[in-house]
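The values are calculated or read from the model by the stated rules, or taken from the named source; none is laboratory data. Model, not experiment: these values are computed from the prediction. Virtual Cβ from ideal backbone geometry, glycine too; neighbours counted across all protein chains shown. Just so you know, the surface numbers come from the protein's heavy atoms only, side chains and all, with ligands and any DNA or RNA stripped out. Shrake-Rupley method; radii C 1.70, N 1.55, O 1.52, S 1.80 Å.
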Amino acid sequence: MKKVAFHNLGCKVNAYEIEAMQQLLAENGYMVVPFDEKADIYIINTCTVTNMADRKSRQMLHRARKKNPDAVIVAAGCYVQEKGDQADECIDIIVGNNRKKDIAAILSQYERENKGEVFDARLDIGHTKEYEELSLAHTAGHTRAYIKIQDGCDQFCSYCIIPFARGRIRSRSKENVMSEVRRLAENGYKEVVLTGIHLSSYGMDLGGESNSLLSLVMQIHEVSGIERIRLGSLEPRVITEEFAEKLSLLTKVCPHFHLSLQSGCDATLRRMNRRYTSEEYYEKCCLLRKYFKNPALTTDIIVGFPGETKEEFEQSKAFVDKVNFYETHVFKYSRREGTKAADMDFQIPEEVKTKRSNELLEMNARKKKAFENTLIGTVKEVLIEEEEVCNDGIYGIGHTREYVKIRQKLDRKQLNQMVNVEIESHLQIIH
C-alpha cells in the first residue's frame, strides 16, 4: 500500500478539493499519512493569488522533495495551471484544475508510462465548460462542512490572476449539490457553507430561476438534519430586494454575510474593474440590514492599489467607517505578474501600504469590538465544535449564527449540538 501525503495552500475551494482527492485515493487503496511523515507520493495543492502564494507553493514542493528524494512530487491547482512545467524543477506530475477528480488515474498512468519527464495532466482551462465533479462524504471538521458548488470567474478584476488559472464560470448541478448535502446530513453534519470561486455567479451558466443561487439555498433549507446554512463570499450585485427578503424567511440561513468590497473609492474601483460603485454597495448592505436583525457584515479591502492617492485612501477609509462592518480583512496590494494592475503606473511604496493597512486594522479592531458589544446580554445559539475538559469542568467552543466564536462552560459533553448561550461578557468571546 503506497503512502500519500497532502498539503493545501490557498482558499476554501482548494481545501474542499484536497479533501476530495484524499478520499478518492483512500478509496483506491492508498494510505493517507500526515505531510510531515515520509511518503511515496506528496501532493501539494498550490495557490497563485499573489506572488507570495507562488513562493509558498514552491517552498512546499521543495520541502516534500527533501522529505523523500525518491518520492513522486505532484503539484496540483492554480500555480501550476498557470506556470506549467516552468513552475519548479522538482515536480514529477502536474495536475491542473478540472483534473483533480482524475488523480487516481493520473497516478496509475504515470507509474505505467514514467519516462523521467514531467507528466503534464492539464487541460485548456480557459475553454472548458465542464464543472469538475468532486464530492465529500465527510470533512476534516465534524460539525461544519464546506461544499463547493461553483468554479471559475468571468469578472477579470485588474489585479486578479484567478480567471486565467480557474477558467470561466461553471456551476455544479443542483442534483449533485443536493445529493452531497443529504449525504453530509446523514453523516451528522449540522451546518453547511456554500463556496465557490465566484459564488454569486452560481447558476448563470445553467439558465432559469430554478437553477439560481437563491433557489438552491431554498432547496437545501428543506433537508432534514441541516440546521444552518452559510454563504461564502458574495458580490454586491447578487443582493437584490427579492434575494434579501426571501433569504430572510429561511430560518436556517445565518445572518453572516461576506460582501467583497476591495475599495470604498469609486475611482479606485474603476481601475480595479470592480463593476459597482460605493453607493451601490452601500445600498446592498442596507438591504441586508433591512431584512436581517443585526447581521454580521464582513468584507475585504485592498490598500495601496496602483494610483491610490492619499485622498482616495481617505475616501475608502471613510466608506468603511460608514458601512460599519463587523470585520474587515485588510490586504496590502501585491503586484501579480500577468495582470493589468501589475503594469499600471504609480505603484505605491511598501511603507505607504503598511501605514494605510495599519490605519484600517486599527479601525477594524474598534468595529469588531463594537459589534461584539451588541451581543453582550443576549442569548445566542452556538454550535459546539470543540470540547475542552478542564479542572473546573467541560468547556465547549463554537460559533454563533453571526460567526462569533464563543467559549462556554457546559454541564455535560455536547459536541455537535446547538446550545443556547447567554453572552455575559467579552471573556466568552474568542478571537
Just to be sure before I move on: is residue 82 part of a helix (DSSP H, G or I) and modelled with pLDDT of 95 or more in the structure I sent?
no
Does the stretch 386-405 contain at least one residue that is within 22 Å of residue 251 (Cβ to Cβ), of a type outside the set (Asp, Glu) and in contact with a helix residue (DSSP H, G or I) (Cβ under 9 Å, 6 or more places away or on another chain)?
yes
Which number in (1) closer than 29 Å to residue 301 by Cβ; (2) in contact with an Asp or Glu (Cβ under 8 Å, 6 or more places away or on another chain) marks the one condition that residue 379 misses?
(1)
Quick check on my filter: what residues within the stretch 399-429 are under 15 Å from residue 326 (Cβ atoms) and either of a type in the set (Gly, Ala, Ser) or in a strand (DSSP E or B) (or both)?
399, 405, 406, 429
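Taking the residues in the stretch 135-154 that are part of a loop (DSSP other than H, G, I, E, B) and at pLDDT 95 or above as candidates, determine which candidate is most open to solvent (accessible area, probe 1.4 Å). Lay out the reasoning, then the answer.
Our first condition is that a residue be part of a loop (DSSP other than H, G, I, E, B); within the stretch 135-154, this holds for 135-143, 152-154.
From what is left, the residues that are at pLDDT 95 or above are 152-154.
Values: 152: 0, 153: 17, 154: 45 Å².
So, considering only residues that are part of a loop (DSSP other than H, G, I, E, B) and at pLDDT 95 or above, the one most open to solvent (accessible area, probe 1.4 Å) is 154.
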Scope the stretch 303-323; condition open to solvent by less than 20 Å² (accessible area, probe 1.4 Å) and at negative phi; matching residues
303, 305, 306, 308, 313, 316, 319, 320, 323
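I'd like to know if the stretch 414-424 contains one or more residues that are of a type outside the set (S, T, N, Q), out of contact with any strand residue (DSSP E or B) (no Cβ under 8 Å at 6 or more places or on another chain) and either touching a residue at least 24 places away in the same chain (Cβ under 8 Å) or closer than 28 Å to residue 261 by Cα (or both). Explain how you work it out, then say what you get.
As a first pass, look at the stretch 414-424 and keep what is of a type outside the set (S, T, N, Q): 415, 418-419, 421-424.
Filter once more, keeping what is out of contact with any strand residue (DSSP E or B) (no Cβ under 8 Å at 6 or more places or on another chain): 424.
Keeping just the survivors that are either touching a residue at least 24 places away in the same chain (Cβ under 8 Å) or closer than 28 Å to residue 261 by Cα (or both) gives 424.
Checked the stretch 414-424: at least one residue is of a type outside the set (S, T, N, Q), out of contact with any strand residue (DSSP E or B) (no Cβ under 8 Å at 6 or more places or on another chain) and either touching a residue at least 24 places away in the same chain (Cβ under 8 Å) or closer than 28 Å to residue 261 by Cα (or both).
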Near pairs, Cβ below 6 angstrom, 6+ apart or cross-chain, from the stretch 6-28 (on the phi < 0 side of the Ramachandran plot) to any residue that is basic (Lys, Arg):
9/56; 13/148; 16/148; 17/100; 21/100
Take the residues of the stretch 114-134 that are at pLDDT below 90 and at negative phi: which is surrounded by the fewest Cβ atoms within 10 Å (Cβ to Cβ)?
115
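Output the residues belonging to the stretch 89-122 that are closer than 23 Å to residue 23 by Cα and among the polar types (S, T, N, Q). Let's see the steps before the verdict.
Residues of the stretch 89-122 that are closer than 23 Å to residue 23 by Cα, as a first pass: 91-112, 119-122.
Scanning the stretch 89-122 gives 97, 98, 108, 109.
Are any residues in the stretch 386-396 assigned to a strand (DSSP E or B) and either polar (S, T, N, Q) or open to solvent by 40 Å² or more (accessible area, probe 1.4 Å) (or both), and if so, which ones?
Narrowing the stretch 386-396 to residues assigned to a strand (DSSP E or B): 386-390, 393-396.
Passing the criteria: 386, 387, 388, 389, 390.
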Cβ pairs under 9 Å, 6+ apart or interchain, first in the stretch 164-177 and closer than 30 Å to residue 337 by Cβ, second part of a helix (DSSP H, G or I) and among the β-branched types (Val, Ile, Thr), ordered by first then second residue, are 164/125; 165/125; 166/13; 166/125; 167/125; 168/125
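Residues that are more than 26 Å from residue 170 (Cα to Cα), at least 1 per element: which helices (runs of 4 or more DSSP H) completely within the stretch 196-309 meet that?
Answer list for the stretch 196-309: 241-248, 266-272, 278-291.
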